[in-house]
Amino acid sequence: MTDFDLLAHEEQMAILLEVAQAALPRYDLPAGARVSLLNLSENATYKVEAPDGRRWALRVHRDGYHSRTAIASELAWLMDLRQTGVVATPVPVKGRDGEIIQDVEHVCLPRPRHVVLSEWETGAEPGIGEDLSQPFEMLGEVTARMHVHARQWKRPPWFTRLTWDFDTALGEDKPHWGRWRDGVGMDAAKEKLFARTVDLIGARLKAYGKGPERFGLIHCDLRLANLLIDGKAVKAIDFDDCGFGWYMYDAATPVSFYEHEPQVPGLIESWKTGYRKVLALPKADEDEIPTFIMLRRILLVAWIASHIEAEFPKSLGAGYTDGTLPLCEDYLRKFS
C-alpha cells in the first residue's frame, strides 16, 4: 500500500483523478462523460461534462477531514436551506444504489474516499476587482436568513460538524487548519506581533461569549470562491467547513484573502445593510466584526502553511504572512 501523503503532488493528483473517474459509473450519467479538475482545497472538486453539454460537480473528500456522518450532516443542512427557500445551494445527486455519499476505493489508498456528485449551478464567481457593494448587500441578507434558519432548524439527532472557536482556530492544541506560528515566512519578530494580536483576539472573544444569540450553526466559509452571482441571486456552493461558530464570523469570511484591500470597509457596510433587512444587528455584534476579520486572516496564514502543496496557497505564500503585519498593528492600535 502506497503512503498517499508521501507521494509527490502530481502523483496525488493523478490518483484523485482516477478516483473521480471511477466514481462516474456509480451514477446514472450519460456515456462519454469527462472529468476535469475545478479546484483543490480541503477536497478535490471536479467538473463532470457530458457530450451533450450537461455538467455536474463532483467532490472527492480529503481523507480524515470529515467522517461520513459529518458529510451527511453538511448535506442535510444545505438541502433543507434550499428546500425551504433560504438560499440556493447545490443539489446532491443520488447514486444508482440510492446513496448520496459514495465510497470509492483505489489501490493506492488505505481507505475509500467519500465522493459526492451535485447538479451544476449557474452563475459567476464574484471578483474583488468588481463593484461588489450590491452582491455584498445581497449576501448580508442571505446570511441573516441562514442564521434564522440555523436557530430554528431541528437538526437530525446524528448531526455532527466541527466547532470553530478560538481554540480550534488559533489555539495551540491541534487547531483544525494548523498552527499560525508555522506560517510561511514567519520569524521571531513577526511571531511576536502575531502573538500579541492573537492574545487580544482571545481576550475579546472570551468577553464576547458564546451565548446562543451569538454562537451557532454557520457556513464558516462564505468567501468569494464559494459564492455564485446569478442575476439577483447569491448562491452558496460549498458547505464543507460549515459548523458551529460565532454568527458574526460569517461577516468576515467574504473578504477572505482580501482583508487588506481598501474597499473592504465599504463592503462590510454593504453586508451589514443587507443583514439588517432580516435581523437586528446589536452594537456588540457589529463592534466585534473587526475581531472576526482578524481571526480569519490569521487562521488563513495557518491554512496556507498547511496546504502549501496546492497552487493557490503556494501563490500566496510568505507575502500573505507579511501582508498581515500591518493589519495586526492596526487592530492592536484600535482595540488594545
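Of all residues in the stretch 120-152, which are of a type in the set (A, V, I, L, M) and either farther than 19 Å from residue 84 by Cβ or in contact with a helix residue (DSSP H, G or I) (Cβ under 7 Å, 6 or more places away or on another chain) (or both)?
Selection gives 124, 128, 132, 138, 139, 144, 146.
Would you check which residues across the stretch 35-73 are assigned to a loop (DSSP other than H, G, I, E, B), touching a residue at least 12 places away in the same chain (Cβ under 8 Å) and more than 24 Å from residue 308 (Cα to Cα) and list them?
Matches in the stretch 35-73: 50, 51, 52, 54.
Which residue pairs have Cβ atoms closer than 8 Å, lie 6 or more positions apart in sequence or on different chains, and pair a first residue in the stretch 158-177 that is under 15 Å from residue 240 (Cβ atoms) with a second residue that is part of a loop (DSSP other than H, G, I, E, B) and hydroxyl-bearing (Ser, Thr, Tyr)?
Filtered contacts from the stretch 158-177: 160/67.
Condition check ((1) surrounded by fewer than 17 Cβ atoms within 10 Å (Cβ to Cβ); (2) among the charged types (D, E, K, R); (3) not assigned by TED's automatic domain parsing to the domain that holds residue 149) across all residues:
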residue: 195; (1), (2), (3): yes, no, no
residue: 198; (1), (2), (3): no, no, no
residue: 201; (1), (2), (3): no, no, no
residue: 230; (1), (2), (3): yes, yes, no
residue: 238; (1), (2), (3): no, yes, no
residue: 242; (1), (2), (3): no, no, no
residue: 254; (1), (2), (3): no, no, no
residue: 259; (1), (2), (3): no, yes, no
residue: 265; (1), (2), (3): yes, no, no
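Quickly run through the stretch 156-206 and pick out the residues that are assigned to a helix (DSSP H, G or I), of a type in the set (Phe, Trp, Tyr) and under 28 Å from residue 72 (Cα atoms).
166
Of the numbered conditions (1) aliphatic (A, V, I, L, M); (2) out of contact with any strand residue (DSSP E or B) (no Cβ under 7 Å at 6 or more places or on another chain); (3) part of a strand (DSSP E or B), residue 117 fails exactly one; give the number of that condition.
(2)
Return the residue satisfying two criteria in turn: it lies in the stretch 173-197 and is among the hydrophobic types (A, V, I, L, M, F, W, C) and more than 21 Å from the chain's Cα centre (by Cα), and of such residues it is farthest from residue 336 (Cα to Cα).
Across the stretch 173-197, the extreme among qualifying residues is 186.
Answer with yes or no whether residue 13 is farther than 20 Å from residue 158 by Cβ and either buried (at least 20 other Cβ atoms within 10 Å of the Cβ) or not assigned by TED's automatic domain parsing to the domain that holds residue 158 (or both).
Yes; evaluated as a whole, the condition is true for this residue.
The values are calculated or read from the model by the stated rules, or taken from the named source; none is laboratory data. This structure is a prediction, so every number in the text was calculated from the model and none was measured. FYI the Cβ positions are ideal-geometry reconstructions off the backbone, even for glycines, and counts take in every protein chain you see.
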